[in-house]
Amino acid sequence: MQNYQTKDETITVSNIDYLIHSLKDRQQFYDHEQLAEGIGISSATWSLFGVVWPSSRILAASVCILDVEGKRVLEIGCGLGLSSIVLHGMGIDITASDYHPLAKEFLDENVLRNKMLPIKFQTANWEVDNPLLGEFDLIIGSDVLYEPAHAALVSQFIDCHSSDNVNVVIVDPNRGNRANFTKKMIALGYAHHFERFNEQGNDDVSCKGRILHYRRQG
């Protein structure tokens, strides 16, 4: 029996409403089988997967205007899966991925609440190879560079699962690891550019940062 509180909220992306089931707030915690602890998720960070962050809204709005027709798409660190749900609703071949033990459960619930067919999901720890994941033509993520080690881990993970011709879109809310991540992506052969954003959410919380674009052609 779950020992945490949840809520439902409506998120509007490109004039379409999505019903999202999330944790009530960032104070929630429940890991009675120590599954999260076993993969390095502390009580302080346990709830982060289950919140609709401003950067995830930015990513969801950004993917709507990308040329994604016919592409295999991977969302890394999907959390509640907002962007994956948006792309799934557009008929795109999307795979969501995260390593939190409850990510798939919440994703599946959100898919049901939006009356969609299931979304493909893979557990993906950036420190561990996942040969079942495969390669993708577009890789997306939001706020995935929050630890210094993530610059190397995320760039290597992306490169491992990139097709010969790949685009990468990362929404970064001005984390301090962005420059190092870009250096590593350049070293791996990716061209890059960025665009700034400064958005005011419905809750009056502003989100500033950059939408990072990387591209490699085989």
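The values are calculated or read from the model by the stated rules, or taken from the named source; none is laboratory data. The shown structure was predicted, so the numbers you read here are calculated from the model rather than taken from an experiment. As a convention, Cβ positions derive from the backbone with ideal geometry for all residues, glycine included, and neighbour counts pool all protein chains shown.
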(message) I'd like the full set of residues that are closer than 12 Å to VAL52 by Cα and not charged (D, E, K, R), limited to segment 19-32.
(response) LEU19, ILE20, HIS21, SER22, LEU23
(request) For LYS120, indicate whether it is surrounded by fewer than 16 Cβ atoms within 10 Å (Cβ to Cβ), over 20 Å from ILE16 (Cβ atoms) and of a type in the set (Lys, Arg). (result) yes
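A quick yes/no check of all residues on (1) surrounded by 13 or more Cβ atoms within 10 Å (Cβ to Cβ); (2) over 17 Å from the mean Cα position of the chain (by Cα):
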{"site": "TYR18", "(1), (2)": "yes, no"}
{"site": "TYR30", "(1), (2)": "yes, yes"}
{"site": "ALA36", "(1), (2)": "yes, yes"}
{"site": "SER42", "(1), (2)": "no, yes"}
{"site": "SER47", "(1), (2)": "yes, no"}
{"site": "ILE58", "(1), (2)": "yes, no"}
(message) Can you pull out every residue in segment 60-76 that is surrounded by fewer than 20 Cβ atoms within 10 Å (Cβ to Cβ) and within 12 Å of the chain's Cα centre (by Cα)?
(response) none
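Looking at segment 103-117, which of its residues are buried (at least 20 other Cβ atoms within 10 Å of the Cβ) and out of contact with any strand residue (DSSP E or B) (no Cβ under 7 Å at 6 or more places or on another chain)?
Those that are buried (at least 20 other Cβ atoms within 10 Å of the Cβ) and out of contact with any strand residue (DSSP E or B) (no Cβ under 7 Å at 6 or more places or on another chain): ALA103, VAL111.
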(request) Identify the residue in segment 143-196 that is of a type in the set (Ser, Thr, Tyr) and under 17 Å from the mean Cα position of the chain (by Cα) and, among all such residues, is nearest to GLY70 (Cα to Cα). (result) SER162
(request) Residues being closer than 19 Å to ILE11 by Cβ and surrounded by 17 or more Cβ atoms within 10 Å (Cβ to Cβ): count how many of those fall in segment 90-101. (result) 4
(message) Anything in segment 123-138 that is at pLDDT 95 or above and buried (at least 18 other Cβ atoms within 10 Å of the Cβ)? List them, or say none.
(response) PHE136, LEU138
(request) Please go through segment 176-193 and pick out each residue that is buried (at least 19 other Cβ atoms within 10 Å of the Cβ) and either modelled with pLDDT under 95 or more than 20 Å from ARG210 (Cα to Cα) (or both). (result) none
(request) Could you tell me whether GLY79 is under 16 Å from the mean Cα position of the chain (by Cα), farther than 27 Å from HIS32 by Cα and crowded, with 19+ Cβ neighbours inside 10 Å? (result) no
